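> One structure follows; several queries about it will come next.
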Amino acid sequence: MGFYERYILPQLIDMACGVRPIALQRAKVVPAAAGVVLELGFGSGRNLPFYDRTRVERLFALEPSPGMLVRARKLAAVADLPMEILPETAETLSLAPASVDTVVVTYSLCTIPDPAAALEAARRALKPGGRLLFCEHGRAPDEDVRRAQARIEPIWKHIGGAAISPATSRP
């Protein structure tokens, strides 16, 4: 892992994921999490303020990126929520089958090389009747926005290191 991936990219991703419209969407989704929770792509912990402490027993925060792990571990050390950082990929999730009540995924499927395998692993970890809460971006329904997405895609892939960009992800 180079200097860019370890020090610069985490800062860029954190800034992009911290903009107000994204925070407003997180505020709609994350508070519904309850019980034992698995968050795929914990990153710099942007969802942490939105968890309802009266509803969440424990949080498993999955984050494979060494640059983001530094931030995640600092947050976990001072969190007012019982949590464990899982430094692994979503596709190779180590949690036991039927061990979590809620899976939370917000704006991270685009960074996962095999999102279908990641979601399958998350499904295995969910208890019967468990919930998947997600908020993701994708190809815009508006043609003008789709064209803009297509124009910025090559630049964003280079800067952001995303596995799948908004312009190429499925609707």
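Since every read-out is calculated from the coordinates, none of them should be taken as a lab result. Nothing here was measured: the structure is a model prediction, and the numbers come from that model. Cβ placement follows ideal geometry from the backbone for every residue including glycine, while neighbour counts extend to all protein chains displayed.
> Over the Cα atoms of region 17-123, compute the convex hull volume and normalise it per residue, giving Å³.
Taking only Cα atoms, region 17-123 has a hull volume of 95 Å³ per residue.
> Can you find, among Pro64, Val103, Leu93, the residue farthest towards the positive end of the dipole of region 1-127? Put +1 on the C-beta of Lys and Arg, -1 on that of Asp and Glu.
It is Val103.
> In Å and whole numbers, how far do the C-alpha atoms of region 105-157 stretch along each principal axis, longest first?
Here the spans come out as 42, 21, 13 Å, largest first.
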